[in-house]
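Let me begin by presenting the structure, written as structure tokens, before commenting on it.
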Amino acid sequence: MAHHALRILHAASEAVPLVKTGGLADVVGALPQALKAMGHDVRVVIPGYRKAIAAAAKLGLTWGEHTMTIEAGGVDHRLGVGTVEIGGVPVHLLACNELFDRDGIYGPSPSNDYDDNARRFAVFSKGALALPGYLGWTPHVVHAHDWQTGLIPALLERGFNQALPATRSVFTIHNIAYQGAVWHFDMKLTGLDWALFNPLHLEHYGRLNLLKAGVVFADRVTTVSRTYAQEIQLAEYAFGLEAVTRGHSYKLSGIVNGIDSDAWNPANDKHLPASFELKKLAGKKTCRERLRDELGLVPDKRACLVSVVSRLVEQKGIDLIAEAVEPYILAGRMQLIVLGSGDVQLEHRLSQLQARHPGWVHVWYGYNDPLAHRIIAGSDLFLMPSRTEPCGLTQLYSLRYGTLPLVRHTGGLADTVVDVASGDGNGFTFGPVDLGHFSSVLDRALGLYEHFPNDWKAAMKRGMKADWSWTHVAKEYDALYRDICVVQ
Ligand code: ADP
Ligand code: GLC
């Protein structure tokens, strides 16, 4: 190997295949394995949620003999350390009955948070930094993800674990909309000096802001696309943190996510009724027909099969879709499939749409990974009119599966989808978030589908050809780590 292998600890609140609410879990599941494939010594630590432990148990979870004791605000918590090897990477689960043995991850339902989340993730963050001592394994880099682990860079820099004087930290923002802005008295849980509770460090408008802690104290801050790294320095996108990101822009960069190209491979996808690839597209037709069948859509071959797989929240622009599609459905130009869950009002609007257009609209509420694969494989067009999108993974899955993405030009969508109007594109893009702009790009996409099948196919092929695998992306993180580490 050309350079020394590094010991790298990834700390996050989700990781595929143990626990997932969104793309963060995909990244934390895949990036460590790609780094390992480069020769690094990588470990992952996540909270031992009830569901994660159950999933890990099926994969050979073992428990360490001892527990770690972590103090927060005068209360001691005992953490059990579970370990399971996934793709050759040890994943540690920090179990604690009173904090993580519950049905939910962040709260009893997606729209409700647990009121002790500050304690849960403060203890997890401290536990992650105590883990190296427990394992007898000293990382060169701790790579922390999102607000749940924002305290890690701060605790590390302030010497929480004296045995890690040379360990560097990287903090990745997957979505700046979620900041972990908690009550100021939760400072007690961190054990950090109250003097840090000021606007230059941990305070943000009177609250303790855990995401800000990560940004301020990490040696490097990354986010999941180049465009988003710029956007989060603007008031329009930063949810109040623009001065913080701008102030730390000297150490901020954007690295576009990869995709797990084994799990998402149309040539070999166990969830599909037929496989297909660039040179053998017939299987896609079978996937399309069977999908219509499965979801009870009328087999009208002229209609473009349009889909959405998403958390149903305002960020994703689902309201625009609900507002715009009806005329196109009535004209017989498209059918709509939605898979997702979230906001009750949005779900209600989509249900009404389905009720008005049986056989033309199908909405499936909930989380269903096999169905997500079949939808992305069987559709013609995939909609992602996100107001903000740090990276987005489903547009990349769509590209790989020959399904043209229609996206708003923002964040990672802007870095990965090029409009066919350029002559060399792989999808459709629009700018302003309003009904007029969204409708006109949808109309244009349907028009291309109806009248220019060869152009459509050429765009599909360009999308399918591109390589979005983690192998390339891991090299960028490797360069970043080596930049901050003493070992070259
Ligand atoms: P975000 O993390 O903001 O939700 P991403 O596009 O990065 O957006 O990642 C979403 C991930 O969650 C993808 O892997 C997607 O396939 C998956 N996903 C979202 N909703 C569902 C659902 N209802 N069923 C199955 N998978 C879903
Ligand atoms: C966040 C973002 C999404 C991104 C994912 C993984 O959930 O909303 O855009 O793809 O993290 O980085």
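Full extension of the chain between residue 331 and residue 41 yields a length gain of 98.7 nm, computed as 0.36 nm times the residue separation minus the alpha carbon distance. A simple spin-label model places the labels of residue 4 and residue 479 2.2 nm from each other, with each point 7 Å out along Cα-to-Cβ. Principal-axis analysis of the Cα atoms of the chain puts helix 453-465 at an angle of about 20° to the longest axis. Bridges between two residues of the chain, per DSSP, are antiparallel at a rate of about 30%.
Charge dipole of region 282-466 (Cα centre as origin; +1 on each Lys and Arg Cβ, -1 on each Asp and Glu Cβ, all else neutral): 640 debye, rounded to the nearest 20. What do you get for the angle between helix 344-356 and the principal long axis of the chain? Use alpha-carbon atoms, 0 to 90 degrees, nearest ten. Value to nearest ten degrees: 20. Label positions at residue 315 and residue 85, each projected 7 Å from the Cα along the C-beta direction, are separated by 3.5 nm.
This model, with +1 at the C-beta of Lys and Arg and -1 at the C-beta of Asp and Glu, gives the chain a dipole about its Cα centre of some 980 debye. Protection proxy ranking of 43-56, 121-134, 347-360, by the mean of other Cβ atoms within 10 Å over each peptide's residues and highest first, is 121-134, 43-56, 347-360. Between residue 195 and residue 114, the FRET efficiency estimated from the beta carbon spacing at R0 = 22 angstrom works out to 0.15. Estimated translational diffusion coefficient (Stokes-Einstein, Kirkwood radius over Cα pairs, 37 °C, 0.692 mPa s) of region 282-466: 205 µm² per second. For region 251-359, the share of DSSP beta bridges that are antiparallel, to the nearest 5, is 10%. Stretching residue 356 away from residue 101 to a fully extended chain increases their span by 87.5 nm, per 0.36 nm per residue minus the current alpha-carbon distance.
Ranked by the mean number of other Cβ atoms within 10 Å per residue, highest first, peptides 93-102, 211-220 order as 211-220, 93-102. Counting Lys +1, Arg +1, Asp -1, Glu -1, what net charge surrounds residue 294 among other residues with beta carbon under 12 Å of its beta carbon? Computed value for this residue: +2.
The residues 147, 456, 183, 364, when put in order of fewest to most other Cβ atoms within 10 Å, stand as 183, 364, 456, 147. Under the classification rounded if a/c is under 1.5, otherwise prolate if a/b is larger than b/c and oblate if not, where does the chain fall, given a ≥ b ≥ c as square roots of the Cα gyration tensor eigenvalues? Verdict is prolate for the chain.
Laboratory data are not the source of any read-out in this text; all were calculated from the coordinates shown. Predicted model only: the values in this text are computed from it and were never measured. Because the Cβ atoms are built from the backbone with ideal geometry, glycine has one as well, and the counts that use them run over all protein chains shown.
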